[in-house]
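Engineer: Next up is a structure, given as structure tokens.
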């Protein structure tokens with residue numbers, strides 16, 4: 001069962017813990033991801049679903065509901081019963097969408113309860129090995145010397161890669177040209193083929209090519225180095241101040257989901273991310289396990305929404 005010591009103490013001290021929450025889960029739980037199969041949300045949804053199924057004896061299934069920049073599946077969960085049987089596994093796109101889509105049919109703050117951030121995934125700035133750019137300052141110098149001629153590939157307009165590049169242009173005061181593709185894999189192919197100068201890939205989409213020596217990693221986008229590529233500096237270590245772009249995947253529930261259930265699931269996420277086999281698998285995907293508490297995740301999401309809404313407005317990006 002997902003009943004934890006934390007949830008039990010809440011019930012004992014307040015005597016208000018819902019009976020159904022104490023027995024949770026009693027039936028199949030759906031983890032909805034607003035993206036198609038194969039991406040990071042899908043991968044980590046399935047890792048958690050398998051773990052939850054094994055530890056609870058109840059079925060946890062993954063349901064892919066892609067469309068409209070992840071807003072369709074997200075809206076579906078927002079309007080689902082707040083009983084703990086429909087959860088949302090989402091990504092950093094959740095914090096972009098309020099700025100990108102002013103007419104969202106859900107409120108990303110009021111309509112959801114944050115459960116736990118599952119993992120953090122840095123972006124990695126890559127170039128082809130033959131490009132005469134050996135470090136990040138070399139890329140900045142190239143962009144300043146050739147305004148508009150440095151092309152950066154992304155997995156689509158409004159994607160994490162697009163916005164990571166837009167932020168880079170803002171903080172370095174350079175004019176980069178965005179070239180959207182259909183996937184993270186297509187962006188690395190574009191860089192290797194000379195169609196683009198650089199890309200701000202999430203690490204899992206580029207790590208194999210970096211390790212194979214086919215792409216050069218200039219920097220990672222988080223404040224701390226990635227344990228997967230410890231030799232690669234952060235953007236700030238490489239001399240670009242005030243730059244941070246965090247890729248992440250996290251679990252949420254519809255607003256109003258009983259606190260006992262939220263606490264139980266959050267504790268189980270933390271347990272999963274501390275499991276040696278899952279930690280190893282997570283690192284192989286280029287991600288860093290997190291598994292934090294609901295309050296911590298809530299503060300993080302609110303800060304990310306405020307940050308990216310401001311950046312989207314500053315960059316003049318709209319996807320209406």
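The values are calculated or read from the model by the stated rules, or taken from the named source; none is laboratory data. Source: prediction; values computed, not measured. Here the Cβ positions follow ideal geometry from the backbone for every residue, glycine too, while neighbour counts run over all protein chains shown.
Engineer: Could you check how many residues of segment 144-167 are within 24 Å of residue 213 (Cβ to Cβ) and surrounded by 20 or more Cβ atoms within 10 Å (Cβ to Cβ)? Break it down into steps so the answer makes sense when it comes.
Structural biologist: Taking segment 144-167 as the starting set, the residues that turn out to be within 24 Å of residue 213 (Cβ to Cβ) are 150-155, 161, 164-165.
After this cut, where a residue has to be surrounded by 20 or more Cβ atoms within 10 Å (Cβ to Cβ) as well, the list is 150, 152-155, 161, 164-165.
Of the residues in that region, 8 qualify.
Engineer: Of 127, 133, 119, which residue is over 30 Å from residue 87 (Cα atoms) and in a strand (DSSP E or B)? Working first, answer last.
Structural biologist: Details: 133 fails: in a strand (DSSP E or B); 119 fails: over 30 Å from residue 87 (Cα atoms).
Only one candidate passes the filter, namely 127.
Engineer: If you don't mind, there's one more thing I want to ask. Looking at segment 190-210, which of its residues are assigned to a helix (DSSP H, G or I) and surrounded by 16 or more Cβ atoms within 10 Å (Cβ to Cβ)? It would help to see each step written out before you state the result.
Structural biologist: Pass one, segment 190-210, residues assigned to a helix (DSSP H, G or I): 190-192, 203-210.
Within segment 190-210, 190, 191, 192, 203, 204, 205, 206, 207, 209, 210 qualify.
Engineer: I'd like the full set of residues that are surrounded by fewer than 18 Cβ atoms within 10 Å (Cβ to Cβ) and in contact with a helix residue (DSSP H, G or I) (Cβ under 7 Å, 6 or more places away or on another chain), limited to segment 168-177.
Structural biologist: Selection gives 170, 175.
Engineer: Name the single residue that is farthest from residue 98 (Cα to Cα) among those in segment 148-175 being in a loop (DSSP other than H, G, I, E, B) and modelled with pLDDT of 95 or more.
Structural biologist: Just the residues of segment 148-175 that are in a loop (DSSP other than H, G, I, E, B), to begin with: 148-150, 155-159, 173-175.
If we keep only those that are modelled with pLDDT of 95 or more as well, we get 148-150, 173-175.
Details: 148: 28, 149: 30, 150: 28, 173: 25, 174: 26, 175: 25 Å.
Here the answer is 149.
Engineer: Answer yes or no as to whether residue 52 is crowded, with 21+ Cβ neighbours inside 10 Å, modelled with pLDDT of 95 or more and more than 20 Å from residue 266 (Cα to Cα).
Structural biologist: Values: crowded, with 21+ Cβ neighbours inside 10 Å: yes; modelled with pLDDT of 95 or more: yes; more than 20 Å from residue 266 (Cα to Cα): no.
Answer is no for this residue.
Engineer: Could I ask something else about it? Among the residues of segment 121-161, count how many are in contact with a helix residue (DSSP H, G or I) (Cβ under 9 Å, 6 or more places away or on another chain) and without any contact (Cβ under 8 Å) to a residue 24 or more places away in the chain.
Structural biologist: Count: 1.
Engineer: Would you check if there is a residue in segment 290-306 being touching a residue at least 40 places away in the same chain (Cβ under 8 Å), in the same structural domain as residue 60 (by TED's automatic domain parsing), crowded, with 18+ Cβ neighbours inside 10 Å and closer than 29 Å to residue 191 by Cβ?
Structural biologist: Checked against the condition, which is being touching a residue at least 40 places away in the same chain (Cβ under 8 Å), in the same structural domain as residue 60 (by TED's automatic domain parsing), crowded, with 18+ Cβ neighbours inside 10 Å and closer than 29 Å to residue 191 by Cβ, segment 290-306 yields at least one hit.
Engineer: While we're looking at this one, here's another question. Would you mind finding the one in 241, 271 that is over 19 Å from the mean Cα position of the chain (by Cα), assigned to a helix (DSSP H, G or I) and either assigned by TED's automatic domain parsing to the domain that holds residue 170 or over 17 Å from residue 120 (Cβ atoms) (or both)? I'd like the intermediate steps shown before the answer.
Structural biologist: On the way: 241 fails: assigned to a helix (DSSP H, G or I).
After applying the criteria, what remains is 271.
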